[in-house]
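The values are calculated or read from the model by the stated rules, or taken from the named source; none is laboratory data. Bear in mind the structure is a predicted one, so any value in this text is a computation, not a measurement. With ideal geometry, Cβ positions are generated from the backbone for all residues, glycine too; neighbour counts draw on all protein chains shown. Keep in mind that these areas ignore ligands, DNA and RNA; they rest on the heavy atoms of the full protein, side chains included. Shrake-Rupley method; radii C 1.70, N 1.55, O 1.52, S 1.80 Å.
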Amino acid sequence: MGILYVVPTSLGNPADITRRAVEVLGAVPVIACEDTRTTRRLLNTLGIAAPRLVSYTDHNKAGRTPQLVGQLADGDVALVSEAGMPGISDPGQELVAAAIVAGYRVVPLPGPSAALAALAGSGLPTRRFLFLGFLPRTGGGRRKALREVASLDCTLVVYESPRRVRATLGDVLAVLGERRVVAAREISKTYEEFIRGTASEILARLDEPLGEFTLVIEGAGQKEGGEDLEVAGAKLAARLAAEGRSGKDIVEQLISELGLPRRQAYALANSARAAAAGGS
């Protein structure tokens, strides 16, 4: 009875691949891969005589999934994507699920992941994070997805293409406010770069962006230096309300100074103005 191996491959530098991954790729009779040309080049670099390569993409996975599950009856299958961990914003999840349902053993190998590499190198909090993968391609869809996570106090991790990264950063700024962002570009490749700053600062620096991006975005309740943004926002709102500032002014100040999401800023402003009115 065959085993389905989920094998992460190099993000860019061929040396990223683990010794165990090389051993598995050299031993299995079939490799299901997102791009057969990329996988063949990798195998040649590793000195592995190419086994049978089967294309497995988002476009053909409906038909290929049952074929590959059937292949497991005759022996092991390795699943790889074009780079990094299969199934993480790449084809693979459906094959893994189908193999499990059919009673086959699934063995995931640890290894390269752009999301984790970017998070670890970002300098932003790592204890709690939410991986969002690729956001919707349309502006309305992206903004809706961002509004759904605007109040979460965990770090957000997003994949984005160079064609849409500026639009995505613009939506981050519009929906989430002026938060700290790290744009990790071309991880593990020759021109790897970590661009750090606020959303607007990074947007200004990405004139003609090139390469694949992983965006690591500060959560709603995070603040450099330790004070929770909710606490800082409540203090600022209370001070401004005591000065007699309007609700609109308080909201804009909370957004500009602390980068709070607009919904959170409204809630704090209303609470502070109600408290100030009650104490007068």
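Here's the yes/no breakdown for (1) modelled with pLDDT of 80 or more; (2) among the aromatic types (Phe, Trp, Tyr); (3) touching a Ser or Thr at 6+ places or on another chain (Cβ under 8 Å); (4) farther than 26 Å from Gly197 by Cβ:
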site	(1), (2), (3), (4)
Leu215	yes, no, yes, no
Ala220	yes, no, yes, no
Lys223	no, no, no, no
Glu227	no, no, no, no
Ala232	no, no, no, no
Leu240	yes, no, no, yes
Asp249	yes, no, no, yes
Gln253	yes, no, no, no
Ser256	no, no, no, no
Sort out which residues of the stretch 118-166 are part of a strand (DSSP E or B) and open to solvent by 80 Å² or more (accessible area, probe 1.4 Å), and write them in order of number. Phe129, Phe134
All positions within the stretch 44-57 that are at pLDDT below 95 and either under 15 Å from Asp90 (Cβ atoms) or open to solvent by less than 40 Å² (accessible area, probe 1.4 Å) (or both): Ile48, Pro51
Over the stretch 83-96, the set of residues outside any loop (DSSP other than H, G, I, E, B) and open to solvent by less than 40 Å² (accessible area, probe 1.4 Å) is Gly84, Leu95, Val96
Condition test on Val30, is it surrounded by fewer than 21 Cβ atoms within 10 Å (Cβ to Cβ), under 20 Å from Asp90 (Cβ atoms) and of a type in the set (Val, Ile, Thr)? yes
What residue, among those in the stretch 169-184 that are part of a helix (DSSP H, G or I) and without any contact (Cβ under 8 Å) to a residue 60 or more places away in the chain, is surrounded by the fewest Cβ atoms within 10 Å (Cβ to Cβ)? Ala174
